[in-house]
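Notes for the one structure printed next.
Every number here is computed from the coordinates shown, using simple stated rules; none is lab data. As the structure is a prediction and not an experimental result, all values here were calculated from the model. Glycine also receives a Cβ, built like all others from the backbone with ideal geometry; neighbour counts cover every protein chain displayed.
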Amino acid sequence: MALIKNVERTLTINTGYGLSDLLNYMGGSALTSTTEITVITKGRGTPDPTYLWLPGASSGGSFYTGRTASLLTTINATALTIEVLPGVLASWPSSGYIYFTSPAEGIYYNEIIDWQTSASGNDEFVVPSLAYRGWSGTASPHTAGVTIHEIAVWYVQSINYDTSSGLFNFSYFAREASRIDYQAPDIPGNVYSQDRSFSGSLFNAYELVEESAT
């Protein structure tokens, strides 16, 4: 057995391409799938849309936590403030991931402003920049009244290589969090884990997280 930890991305070579294409990809600046290479898992826990497991991916990449809200005012594809009714977000974590189903769009938010301090008088999700709109699907308009789902995303924790079977066993996890009456800190909630296996023919490379001793 061989154990690989702190995995950032795992990659596979598409049909008709070879190792040189993989090396070119890893030596370049691409962050998502290309004609030559498919990113089969990505996620190291960093709140960045380029490192998320996407809903509907082969990894099963995220799931609804069961926490929802209704969009209060219609937004366009560039909106960075998302309003819901006052008091609805009192238990939501201070940062996280939300998802609209139609049109499909995943969004990362890094702040919640409560109705008592917001300019609108409503609870608000704050999106840090346009880069965090449409990390899954496409940044799109959404109509007042539609459901906003909270998503827990899966992250790669480790890869175990079974030398006898030739299978790579991926161990990954997701976790929930909440707050009480908007107050920090976020309270850790349920932790979910899942294991999946990929054959050597489906898995060609991995990239490790660079860590500091400080």
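Some observations on this one:
- Packing-based exposure ordering (other Cβ within 10 Å, fewest first) of T138, T34, T163: T163, T138, T34
- Near S91: Cβ cut-off under 15 Å, other residues only, Lys/Arg at +1 and Asp/Glu at -1. The net charge is -4.
- By other beta-carbon atoms within 10 Å, ranking L89, L19 with the fewest at the front produces L19, L89.
- In order through the range 113-121: 3J(HN,Hα) via Karplus (6.51 cos²θ - 1.76 cosθ + 1.60), integer Hz, x for Gly, Pro: 9, 7, 4, 6, 10, 6, 5, 7, x
- In terms of other Cβ atoms within 10 Å, F63, F198, F125 run from fewest to most in the order F63, F198, F125.
- Karplus 3J(HN,Hα) series, Hz, for the range 137-143 with 6.51 cos²θ - 1.76 cosθ + 1.60 (x for Gly, Pro): x, 9, 4, 9, x, 9, 8
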